[in-house]
Amino acid sequence: MFMDCQFRTPSSPAAAFIPSSLNNGTILPRGFVSSPRRTHFPTWVSQISVRNCVSGHLQLKSSNGHPLNAVFLPDGSPGSSLFNEQIALQEEEKSALDSGKVQSTLSITVVGASGDLAKKKIFPALFALYYEDCLPEDFTVLGYARTSMTDEQLRTMISKTLTCRIDKRANCEDKMDEFLKRCFYHSGQYSSEEDFAELDRKLKEKEDGKVSNRLFYLSIPPNIFVDVVKCASQRASSESGWTRVIVEKPFGRDSDSSGELTRSLKKYLTEDQIFRIDHYLGKELVENLSVLRFSNLVFEPLWSRSYIRNVQLIFSEDFGTEGRGGYFDNYGIIRDIMQNHLLQILALFAMETPVSLDAEDIRNEKVKVLKSMRPLQLEDVVVGQYKGHSKGGKSYPAYTDDPTVPNDSVTPTFAAAAIFIDNARWDGVPFLMKAGKALHTRRAEIRVQFRHVPGNLYKRSFGTDLDKATNELVLRVQPDEAIYLKINNKVPGLGMRLDRSDLNLLYRSRYPSEIPDAYERLLLDAVEGERRLFIRSDELDAAWSLFTPLLKELEEKKIAPELYPYGSRGPVGAHYLAAKYNVRWGDLGEDREP
């Protein structure tokens, strides 16, 4: 089994190569971004190695314990190396770093540190990375927000959300204390250059004259992104290392606002400094999607219109918008889930084989897929909104019962769409996408339904419903990550009775260790300058180009959403949409799956 990779050295945990010429005191320009040397490889597999987070260990090992600088033959003897060139390069860079004695430090500033996202996701993810020795030895975490708070108050707030969920090693409490000692707080306005200049002075005190690499995480509303980026860029960016900024969605409301946001950010940052985060791209099963397809011969030949009948991307939550109805009403389910999370997964699923695993090569292929998508028509879309419902003696509120939501709101809390990709691989294959809140279950999954077997000898055993005989590949992103393939099988016995069975890879059974949170993976990638799981500006433009005309039509015509009861399977219209393309939603009647 191959794992995601990044080479690391003790003196350069971010794996960015800093030339030994810096030994003479050379100062890099403000905003300088240092990144690993790009290497071209003949195959995908030759690039795959293991990210080793443990500081001080250069030797890489695979899951079977063998060093990755050797390839072992079936009999266990060492074969020819695929990694000699890469390892030699890393040794070269390590030697250069050692001789130059360049010391660097990492400063992570969480802007909006008092908000829920920072408390529930970002600080716990940073602690998890520290706990696993994935952060450099010299790092500082600094919270920035308008709330008045001391360092100790920040640490108390953070400590309530930190857990040692990855494993139960005995040094957990000690690690927590060490991590909290590296956390500091600075109060300031988001549009004040003076406050960011003061932040810069505080960061310099912590950096103590070393080469400083600075990462800003914008955990703030999108309407103040530009103010913060302007102040941070002009007053608090690194003068000797790199400066990077992680931007949370939403990236605008449509093509125009998204384009304006991108242009405004690029007044102060280069594209390489902007990391647009979509946490779904950091999910384990989403990252495994390309591995499953491109490293297994059994799947890649089937990955086309010749064998695949339809693809379904399903997202459902069993709770409503309680607590954030005012925010949600400005965006709706299409902007909140479909235009980003589901569309990004679709692009990864449907893209052609990239030239390499390089971030730009992967993102180039995703853009091609997005640009090949047929414009969305209103007749291929169903929107819904949940209404109040009583079940088991308990009452559930309607969407418009939220005091922050207008009583006449037509904002959809559910949407289903049929998308088509007009290229040679996918011509005519419906990609059905649905997302909703206040549904009967919580799930996110990709379902691939294959075509019927031509001239199936056993079709009598399935009666007239051939869908029961359809092979289906399911990638369950959450909860209980799993990959399973539905096949037809004979039930043991003297008769000829067929059954639909599952070949199942349930992650919690096969991999007992805790799966890292998506934010951990994406934060580590941002620190290391790995961009393949972040969204490039032209990707964003292509995604908005698909949905903006539809959104405008829905809003201009004030299309009333179909009401569905809280806790149900959603509006009936979604089933009619699937039937229009001779498709049945794969999640029907399968609440108890592997």
Semi-axes a, b, c in Å (a largest) for segment 104-248, each sqrt of 5 times a Cα gyration tensor eigenvalue, come to 24, 17, 13
Projected onto the charge dipole of segment 104-248 (unit charges on the beta-carbon of Lys, Arg, Asp and Glu, signs +1, +1, -1, -1), the Cα from His186, Ser104, Phe225 with the largest positive-side position is that of Phe225
Straight-line reach check, Lys368, cutoff 13 Å on alpha carbons, 8 or more apart in-chain or any other chain, hits among aspartates and glutamates -> Glu352, Glu360, Asp422, Asp538, Glu539, Asp541
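Under a 1.4 Å probe, what is the accessible area of segment 104-248 per residue, stated in Å²? Don't skip to the end; give the middle numbers.
Numbers: 5720 Å² over 145 residues.
Normalised by residue count, the accessible surface of segment 104-248 is 39 Å².
Using the Cα centre as the reference, give the magnitude of the dipole from point charges on the C-beta atoms of segment 104-248 (Lys, Arg: +1; Asp, Glu: -1; all else neutral), rounded to the nearest 20 debye. Don't skip to the answer; put the middle values down first.
Numbers: 21 positive and 23 negative charges, 78 e Å.
With Lys and Arg at +1 and Asp and Glu at -1, about 380 debye.
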Any residue on another chain or 5+ positions along whose placed amide H is under 5 Å from the amide H of Tyr185 is listed here as Gly143, Asp151
Under a 1.4 Å probe, counting only protein heavy atoms, Tyr307 has an accessible area in Å², nearest 10, of 120
Among segment 435-450, those whose backbone N falls under 14 Å of a label point 7 Å along Cα→Cβ from Asp480 are 441-444
Carbon/sulfur accessible area of segment 104-248, % of total, 1.4 Å probe, equals 44
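Please list Glu472, Glu556, Glu198 in order of solvent-accessible area, largest first, computed with a 1.4 Å probe with all protein chains present. Can you show the working numbers first?
Working: Glu472 5, Glu556 145, Glu198 75 Å².
Of Glu472, Glu556, Glu198, the descending order of accessible area is Glu556, Glu198, Glu472.
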In whole Hz, the Karplus estimates of ³J(HN,Hα) for segment 356-361 (6.51, -1.76, 1.60; θ = phi - 60°; x where Gly or Pro) are 7, 7, 4, 4, 5, 5
From the cross-link list Lys121/Lys206; Lys181/Lys206; Lys121/Lys210; Lys160/Lys249; Lys206/Lys266, the entries with a Cα-Cα span beyond 20 Å are Lys121/Lys206; Lys121/Lys210; Lys160/Lys249; Lys206/Lys266
If each part is reduced to its alpha-carbon centroid, segment 342-382 and segment 212-239 end up apart, in Å, by 30
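Using 0.36 nm per residue, how much length does the chain from Gln377 to Arg510 gain when fully extended, once their Cα-Cα distance is taken away?
Working: separation 133, 0.36 × 133 = 47.88 nm, distance 4.28 nm.
Taking Gln377 through Arg510 to full extension adds about 43.6 nm, to one decimal.
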Sequence order, segment 269-283: Karplus ³J(HN,Hα) from phi using 6.51 cos²θ - 1.76 cosθ + 1.60, θ = phi - 60°, Hz rounded, Gly and Pro as x, gives 9, 8, 4, 5, 8, 9, 10, 7, 9, 10, 4, 5, 6, x, 5
Segment 546-569 scanned against label point 7 Å out from His389 along Cα→C-beta; backbone N under 13 Å for 563-569
HN-Hα couplings for segment 580-587 via Karplus (6.51, -1.76, 1.60; θ = phi - 60°), in whole Hz with x for Gly/Pro, come out as 4, 10, 6, 10, 10, 4, x, 8
Rounded to a whole %, the carbon-and-sulfur portion of the accessible area of segment 466-572 at a 1.4 Å probe is 53
Looks like segment 490-594, by Cα gyration tensor root eigenvalues a ≥ b ≥ c and the a/c under 1.5 rounded cutoff (else prolate when a/b is bigger than b/c, oblate otherwise), is oblate
Expressed in square angstrom to the nearest 10, the accessible area of Arg201 with a 1.4 Å probe stands at 120
Quick tally, 1.4 Å probe accessible area for Asp174, Asp408, Asp502, sorted with the most first, runs Asp408, Asp174, Asp502
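Between His440 and Tyr576, what's the calculated FRET efficiency when r is the beta-carbon distance and R0 is 22 Å? Round to 0.05. Walk me through the numbers before you get to the answer.
Numbers: r = 19 Å, r/R0 = 0.85.
After rounding, the FRET efficiency stands at 0.70.
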Amide H contacts under 5 Å for Arg531, restricted to residues at least 5 apart in sequence or on another chain and with H modeled in the peptide plane, are Ala359
Amide H contacts under 5 Å for Val477, restricted to residues at least 5 apart in sequence or on another chain and with H modeled in the peptide plane, are Ala444, Glu445, Ile446
Length-normalised contact order of segment 104-248, Cα under 8 Å, at least 6 apart, in percent, tallies to 33
On the accessible surface of segment 337-388, probed at 1.4 Å with all protein chains in place, carbon and sulfur together account for a percent value of 51
The correct ranking of Ser545, Ser290 by accessible area at 1.4 Å, largest first, is Ser545, Ser290
Restricted to pairs 8 or more residues apart or on different chains, the lysines in segment 417-555 with C-alpha atoms under 18 Å apart form a number of pairs equal to 5
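Per residue, how big is the convex hull around the C-alpha atoms of segment 199-346? Give it to me in cubic angstrom, could you? Walk me through the intermediate numbers first.
Numbers: hull volume 27.2 nm³, N = 148.
Convex hull volume per residue, Cα atoms: 184 Å³.
The values are calculated or read from the model by the stated rules, or taken from the named source; none is laboratory data. This is a predicted model, so every value here is computed, not measured. FYI the Cβ positions are ideal-geometry reconstructions off the backbone, even for glycines, and counts take in every protein chain you see. Keep in mind that these areas ignore ligands, DNA and RNA; they rest on the heavy atoms of the full protein, side chains included. Shrake-Rupley method; radii C 1.70, N 1.55, O 1.52, S 1.80 Å.
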